[in-house]
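The values are calculated or read from the model by the stated rules, or taken from the named source; none is laboratory data. The structure presented is a predicted model; accordingly, all values stated were derived computationally and were not measured. Cβ sites come from the backbone with ideal geometry, for glycine too, and all protein chains shown count toward neighbours. Surface accessibility is based on the protein's heavy atoms, side chains included, excluding ligands, DNA and RNA. Shrake-Rupley method; radii C 1.70, N 1.55, O 1.52, S 1.80 Å.
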Amino acid sequence: MWDEFELASRAVRAGQVRSQENEHSEALYMTSSYVFGSAAEAAARFSGDVPGNVYSRFTNPTVNTFQQRLAALENAEQCVATASGMSAILSVCMGHLNAGDHIVASQSIFGTTVVLFEKILSRFDIQTDFVALDDTDAWEKAVKNNTKLFFLESPSNPLCQIADISAVAKVAHKHDCLLVVDNCFSTPIFQQPLALGADIVVHSATKYIDGQGRTLGGAALGSEKMMEPVYAVLRSAGPTLSAFNAWVLLKGLETLPIRMQAHNNNAQGLATWLQAQDNVTKVYYLGLEDHPQYALAQRQQRGAGGLLSFELKGGKEAAWRLIDQTRLMSITANLGDSKTTITHPATTTHSRLSPEQRAAAGISDGLIRISVGLEALADLKKDLIGGF
Ligand SMILES: *Cc1c(COP(=O)(O)O)cnc(C)c1O
């Protein structure tokens, strides 16, 4: 029913089912289980003959509202909510892969996803090879007989590279592989990977979907057929979303369209301003016309998002000095929050890489990443100006 409505309306309205109390806001169902009118009704619910709630690891009305709303935003047939972004990625892999299968993933994905693939899935005989996000031929070359799944994150963090999602989807499908896209940074407001040919979208709702640093959450989305095995894993393995967190995330979704636009406007303003500063040698932001993938970004995304990074002359010392003189920004690696965060990737998120690996990944000692929040742009500039 939501097809006829725009995203802003879906974000506020989709999925709500009022109880007999006729509450205006979404009801929060804090209950682990549900009672039945009779032994016969219990039997019918358990057998699945009569649909309805049995236990909140299987279904919960508040979680269901969140799932419906996010599905309406991503134009997905189905959404399954999870306890965190990582449990969404784990459940997709557990639902769709078997021992002996192979994953091709982009190099610049979230660090914990790399740990999951390399250290945990490998113990169940699922191996992963990593390729450059923006090199479609490299994806094809990495395919083996047992490759079942492509996994990418676009745009990448912190250097804002993107994949040509339609082109990578074609390669995946030619080899009977599924394409899974982590859409955390763009959110459905700026990018809808399913429409570009992806089979499954995953989210860390912890980031922009909550957007206010209050809770962890995640989701996987796709067709009913794609979600069936994912839901089966969740239902039995248990990393489901709590009703309370679903309620918080529902409130996050209501403002997601206007927040994303505001993040985008602030980031665009800050990126343009940074380009003009002394000692800034390079700015990485998809909304800048000199970004090498600007044309693809314009085609594929409806906004460049809130994440940017830049290189400062003077290496680590200069970068740390700039970070330490800020008064407003939070020094943390978290992102997608209404509060602006500032990070030195070389000594935090990418510190486990060797200097050679960092150089290969384009993470220099003078690189600074900012997740641009919702403070006034003028104040963000004021916060940085003393560091150049
Ligand atoms: C944070 C993040 C995750 C993991 O999500 P959690 O909610 O922390 O489990 C996955 N992918 C990306 C791109 C992220 O930024």
Checklist entry - Just the projected area, averaged over all directions, of the convex hull on the alpha carbon atoms of segment 191-244: how many nm²? => result 4.4 nm²
Checklist entry - Taking the chain as a Gaussian network, where each spring joins two C-alpha atoms under 10 Å apart, which residue of Gly315, Gly306, Gly85 fluctuates the most? => result Gly315
Next on the checklist: So, for segment 2-254, what is the accessible surface per residue at a probe of 1.4 Å, expressed in square angstrom?
Outcome noted: 43 Å²
Item to check | Helix-derived mean residue ellipticity, 222 nm - over the chain, DSSP H n ≥ 4, -39500 (n - 2.57), to 500 | outcome: -11500 deg cm²/dmol
Item to check | Heavy-atom accessible surface of the chain: percent carbon and sulfur, 1.4 Å | outcome: 51 percent
Next on the checklist: From the convex hull of the Cα coordinates of segment 233-317, what is the mean projected area in square nanometres?
Outcome noted: 9.4 nm²
Checklist entry - Can you give the three extents of the C-alpha atoms in the chain along their principal axes, from longest to shortest, in whole Å? => result 75, 52, 36
Item to check | Average projected area [Cα convex hull, segment 230-388], square nanometres | outcome: 11.9 nm²
Checklist entry - In segment 328-388, which trypsin sites (Lys or Arg not before Pro) fall in coil by DSSP and have 14 or fewer other Cβ atoms within 10 Å? => result Arg352
Item to check | Lys/Arg +1, Asp/Glu -1 at C-beta; segment 256-385 dipole; positive extreme among Leu374, Thr326, Ser364 | outcome: Leu374
Checklist entry - For segment 1-154, what number results from the quotient of the Cα radius of gyration and 2.2 N^0.38 Å? => result 1.36
Checklist outcome for this item: segment 216-262 -> Rg/Rh from Cα coords, Kirkwood Rh, value 1.08
Checklist outcome for this item: Checking Arg259, Arg57, Arg69 against a Gaussian network model of the chain (alpha-carbon springs below 10 Å), the top fluctuating residue turns out to be Arg57
Checklist entry - Taking all pairs of different Cα atoms in segment 131-201, averaging 1/r and flipping that mean, what Kirkwood radius in angstroms comes out? => result 12.1 Å
